[in-house]
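What follows is a short report on a single structure.
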Amino acid sequence: MNWQPGFSDPQNWILYSDEDLLVVNKPAGLLSIPDGYHPELPHLAQALAPIAGKLWIVHRLDKETSGVMLLARSAEAHRVLNQSFRERALRKLYHCLASPPPEWQTKDLDLPLRVNADRAHRTRVDLERGKPARTLVQVLRRGDSFSLLECALLSGYTHQIRAHLYTAGLGILGDTLYRPKGVDVFDPRLQAARLMLHAYEISFAHPGKGTELNFQAPYPPDFEQKLASL
């Protein structure tokens, strides 16, 4: 039985579990944390609590972003993992489908960002007031209308990938907030029901044992289907 209409059984989201942490593949459309204006909306810890007990959120993904997330199962594990995030000791890779196909193969987007920079609450490159931010981008597969990109975050700001790609003239399929000029949003090849951004891989030290861990989250069906048309 589905936990919530439109979502699969949360048991199927779990990639790894032990006494200290839980690693899951969050489905698109599910909030990472409770909504401040609509607390009745389903969120990740709420969905997992019946099978995993009390959980501490370590980091977030936007609602429409799918992929790998860490949750702590104790206050101490939460403290250690938070410290790892503050020190940027974790490695995070995202995959996305973006248009138009870039002329370059790799790109180092080392550009300062300012969060909540306009009336639409977008993150923008701001050379004067922005904070240091860096995204390394690599083309994994190239098509005529869009490409599969891998983005490595060396900082972690809201909408960082979307803002950096926008500055480079690229837009993620399904993104209605960051639309570069020249991208034909009415092209049927570029249509997507949601943001085609997926947190693909995370590497970090176990909060209790110190051993290095690495997890990859399989693409969800809608991402796979769109990628197949590349």
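The values are calculated or read from the model by the stated rules, or taken from the named source; none is laboratory data. Because the structure is predicted, anything quoted here is derived from the model rather than measured. Heads up, the Cβs are rebuilt from the backbone with ideal geometry, glycines too, and the neighbour counts pull from every protein chain shown. Surface areas here come from the heavy atoms of the whole protein model, side chains and all, with no ligands, DNA or RNA. Shrake-Rupley method; radii C 1.70, N 1.55, O 1.52, S 1.80 Å.
Taking the conditions exactly as written (touching a residue at least 24 places away in the same chain (Cβ under 8 Å), within 30 Å of ASP187 (Cα to Cα) and of a type in the set (S, T, N, Q)), does SER74 satisfy them or not?
Against the criterion (touching a residue at least 24 places away in the same chain (Cβ under 8 Å), within 30 Å of ASP187 (Cα to Cα) and of a type in the set (S, T, N, Q)), SER74 does not qualify.
Rundown of residues vs (1) touching a Ser or Thr at 6+ places or on another chain (Cβ under 7 Å); (2) closer than 24 Å to GLY156 by Cβ; (3) surrounded by fewer than 19 Cβ atoms within 10 Å (Cβ to Cβ); (4) not basic (Lys, Arg), yes/no style:
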residue: GLN11; (1), (2), (3), (4): no, no, yes, yes
residue: ILE14; (1), (2), (3), (4): no, yes, yes, yes
residue: ALA28; (1), (2), (3), (4): yes, yes, no, yes
residue: ASP35; (1), (2), (3), (4): no, yes, yes, yes
residue: PRO42; (1), (2), (3), (4): no, no, yes, yes
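If you go through the stretch 156-177 and keep only what is farther than 24 Å from PHE85 by Cβ, crowded, with 19+ Cβ neighbours inside 10 Å and free of Cβ contacts under 8 Å to residues at least 60 places away in the same chain, you end up with TYR166, ASP175. Of all the listed residues (THR211, THR167), the sole one being more than 14 Å from the chain's Cα centre (by Cα), modelled with pLDDT of 95 or more and closer than 19 Å to LEU113 by Cβ is THR167. The sole residue among ALA199, ALA228, ALA205, ALA193 that is touching a Gly at 6+ places or on another chain (Cβ under 6 Å) and either open to solvent by 70 Å² or more (accessible area, probe 1.4 Å) or under 23 Å from SER84 (Cβ atoms) (or both) is ALA199.
If the condition is being touching a residue at least 24 places away in the same chain (Cβ under 8 Å) and not in a loop (DSSP other than H, G, I, E, B), then the stretch 178-212 contributes ARG189, LEU190, LEU197, HIS198, ALA199, TYR200, GLU201, ILE202, SER203, PHE204, ALA205. Would a scan of the stretch 18-40 turn up a residue that is part of a loop (DSSP other than H, G, I, E, B), polar (S, T, N, Q) and within 30 Å of LYS209 (Cα to Cα)? The answer is yes, given that some residue of the stretch 18-40 is part of a loop (DSSP other than H, G, I, E, B), polar (S, T, N, Q) and within 30 Å of LYS209 (Cα to Cα). In this structure, does ARG86 turn out to be basic (Lys, Arg), touching a helix residue (DSSP H, G or I) at 6+ places or on another chain (Cβ under 9 Å) and either modelled with pLDDT of 95 or more or open to solvent by 50 Å² or more (accessible area, probe 1.4 Å) (or both)? Judged against the criteria, ARG86 is not a match.
The single condition among (1) open to solvent by 60 Å² or more (accessible area, probe 1.4 Å); (2) of a type outside the set (A, V, I, L, M); (3) modelled with pLDDT of 95 or more that SER99 does not satisfy is (1).
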